[in-house]
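Working notes for the structure below.
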Amino acid sequence: MKKIKIESPSKPHFCYFGTDLFEKLPKLISASQLPKNILVIVDSNVNKLWGKNIRETFSSLTYNVNYYILEAGEKSKSFTKVQTILKKMVELKFNRDSMIISIGGGVCGDLSGFVASIYNRGIALVHVPTTLLSMIDSSIGGKNGINFANRKNNIGCITQPEFILIDKKFLKTLPKDEFLSGCGELLKYAFLGDTSLFKDISKFAQNGFKENDANLDNLIYKCILVKSSVVKQDEGESDVRKVLNLGHTFAHGIESTSNFKIAHGIAVSAGLLAAIILSYKIGLINEKQLSAFSELPLLMKYPESINKLSVPSAIKYMASDKKSVNASPQFVLINDIGELAMNVEVDSALVNESLTSALNFIKTLNNPTKTTSRKK
Ligand code: GLY
């Protein structure tokens, strides 16, 4: 087991990472002297696969353990679900001496974190992320929230958990498309760390993004370290934390215009390609870097539906991104591996060209026999 200190200024805490670690959760809870009234919020898909194991694990804890099964899917990140869970906690007579344990992916973690941060002005929270994306990104750093008025993650706050427990065994039952989506987010870290992480992530991608890749443990561990270091420097995202949004401005447009049919991490991977091309177009990287960096997102397996996306529609959504200033998208672009440029505003024609170019490359990958312009 690895024990990583997440040095968030507001509340330093630990992330425990390993395989077959979940069984240790009751011991960690009692050792941390956490509240004895617990609501375990479990993603419905995780519950189907692991529900029995979860209940058996908690049976060794002589605490008041209750369960709420959260319908899987983005729609659950709503005020309606927040209210339902708050009502349940009131019915259970939960006071401040209560806590929430989230067992699921990003949706479950974001929603549970938000409920924990507002119930009685804040109660304890433990994250048990079960998807690759939530293991390397969303469970670390305290961001939580829900979607409101058709906008993603626009209601929420940053509150840190008591600890995070990552058990890699949950990846064994993760559907392939969800695993790939996590890989898209993982590609982002290739540009945030050092050249050795870039090389390791490249190898993993060249090897076909496999759940049983011998190097995956190491990659998850390194991504957590990178994220932790960013959160330590800027927990509130007023400055350097923005680098975590690399590829995300384009991804926001891609996801929204696909009506969220394209998974987040897949959109991030396509968004990375567009951001790399844009970095080249404005002279931040040279042709050699363009070719070396593009290789990673071009190894991703994209769904056919991405070929039909409308660039103008994606661009329109990008203007409404919550990080836009005066309807002008703010890009994170690349100077080099580990050297990112933040708050870059770019001529809209170049943005359009970069996204068009990225989607054309992807189209060529998806239809290798058809001739598609590879013009940049
Ligand atoms: N997922 C981006 C962040 O935590 O800041």
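Would you work out what percent of the accessible area of region 251-376, with all protein chains in place, is carbon or sulfur (probe 1.4 Å)?
Whole-percent figure for carbon plus sulfur exposure: 52.
In the structure displayed, which of 2/93; 143/288; 11/36; 81/322; 222/301 lie more than 26 Å apart, Cα to Cα?
2/93; 143/288
Quick one: Cα centre-to-centre distance for region 239-260 and region 293-349, in angstrom?
Centre-to-centre distance over Cα atoms comes out at 7 Å.
According to the Cα gyration tensor, what semi-axes, each the square root of 5 times an eigenvalue, does the equivalent ellipsoid of region 1-130 have, listed from largest to smallest in whole Å?
Each semi-axis is √(5λ); the values are 21, 18, 16 Å.
How much net charge surrounds residue 220 when only the other residues with a Cβ under 13 Å from the Cβ of residue 220 are counted, with Lys and Arg +1 and Asp and Glu -1?
-2
Name the longest site-free stretch of the chain, where the excluded sites are GluC sites (Glu not before Pro) in a DSSP loop with no more than 13 other beta-carbon atoms within 10 Å.
That gives 72-344 as the longest site-free run.
Using only the Cα atoms of region 243-363, build the gyration tensor, take square roots of its eigenvalues as a ≥ b ≥ c, and label the shape rounded, prolate or oblate: rounded if a/c is under 1.5, else prolate if a/b is larger than b/c, else oblate.
The shape class here is oblate.
For region 49-120, just say rounded, prolate or oblate: build the C-alpha gyration tensor, square-root its eigenvalues into a ≥ b ≥ c, call rounded for a/c under 1.5, and beyond that prolate if a/b exceeds b/c, oblate if not.
oblate
Below 17 Å, Cα to Cα, which aspartates and glutamates can residue 308 reach? Residues fewer than 8 away in the same chain don't count.
Leaving aside aspartates and glutamates fewer than 8 places away in the same chain, those within reach of residue 308 are 255, 353.
For the chain, state the average projected area of the convex hull of the C-alpha atoms over all orientations, rounded to one decimal in nm².
17.5 nm²
Angle, helix 216-233 long axis vs. longest principal axis of the chain, Cα atoms, 0 to 90°, nearest 10?
Approximately 90 degrees, to the nearest ten.
Under 15 Å from the Cα of residue 261, which aspartates and glutamates turn up, not counting those fewer than eight places away in the same chain?
Candidates past the 8-residue exclusion: 74, 177, 178, 304.
Which whole-Hz ³J(HN,Hα) couplings does region 234-245 yield from phi under the Karplus relation 6.51 cos²θ - 1.76 cosθ + 1.60, θ = phi - 60°, glycine and proline marked x?
7, 5, x, 6, 8, 9, 5, 4, 4, 4, 5, 8
Filter the cross-link list 3/169; 168/227; 48/152 down to pairs whose alpha-carbon distance in this structure exceeds 24 Å.
48/152
Could you tell me how many cubic angstrom of Cα convex hull volume region 144-193 has per residue?
153 Å³
From zero up to wherever the largest Cα-Cα distance of region 1-58 sits, split into 10 Å bins and tell me the percent of pairs in each.
Whole-percent P(r) values from 0 Å outward: 18, 44, 34, 4.
Using a ≥ b ≥ c from the Cα gyration tensor of region 109-161 (square roots of the eigenvalues), is it rounded, prolate or oblate, where a/c under 1.5 gives rounded and otherwise the larger of a/b and b/c decides, a/b for prolate?
Oblate is the answer for region 109-161, as a/c is 1.5 or above yet b/c matches or exceeds a/b.
Carbon and sulfur atoms: what percent of the 1.4 Å accessible area of region 1-135 do they account for?
Result for region 1-135: 50 percent of the exposed heavy-atom area is carbon or sulfur.
Within region 1-107, report the trypsin sites (Lys or Arg not before Pro) that DSSP leaves as loop and that have at most 12 other Cβ atoms within 10 Å.
Loop-located and lightly packed - 93.
Over the chain, with a Gaussian network built from C-alpha contacts below 10 Å, which listed residue (321, 347, 137) shows the highest mean-square fluctuation?
Comparing 321, 347, 137 in the GNM, the peak value goes to 347.
Compute the separation of the alpha-carbon centres of region 15-31 and region 46-74 and state it in Å as a whole number.
15 Å
Would you tally the net charge around residue 59, using a Cβ to Cβ cut-off of less than 12 Å, leaving residue 59 out, and scoring K and R as +1, D and E as -1?
Around residue 59, the surrounding residues sum to 0.
What accessible area per residue comes out for region 1-150, rounded to a whole number of Å², with a 1.4 Å probe?
Dividing the accessible area of region 1-150 by its residue count gives 44 Å².
Helix 287-298 versus the longest principal axis of the chain: what is the Cα-based angle in degrees, 0 to 90, to the nearest 10?
Once rounded, the angle reads 50 degrees.
Would you pull out the residues with amide H under 5 Å of residue 101's amide H, same chain only if 5 or more places away, H placed 1.01 Å from N?
39, 40, 41, 126
Expressed as a fraction of 2.2 N^0.38 Å, the rule-of-thumb size for a compact globular protein of N residues, what is the C-alpha radius of gyration of region 95-189?
1.09
The values are calculated or read from the model by the stated rules, or taken from the named source; none is laboratory data. What you see is a predicted model, and the numbers here were worked out from it, not measured in a lab. A quick note on method: Cβ atoms are made from the backbone with ideal geometry, for glycine too, and the neighbour counts reach across all protein chains shown. Note: accessible area is taken over every heavy atom of the protein model, side chains too, but ligands, DNA and RNA are not part of it. Shrake-Rupley method; radii C 1.70, N 1.55, O 1.52, S 1.80 Å.
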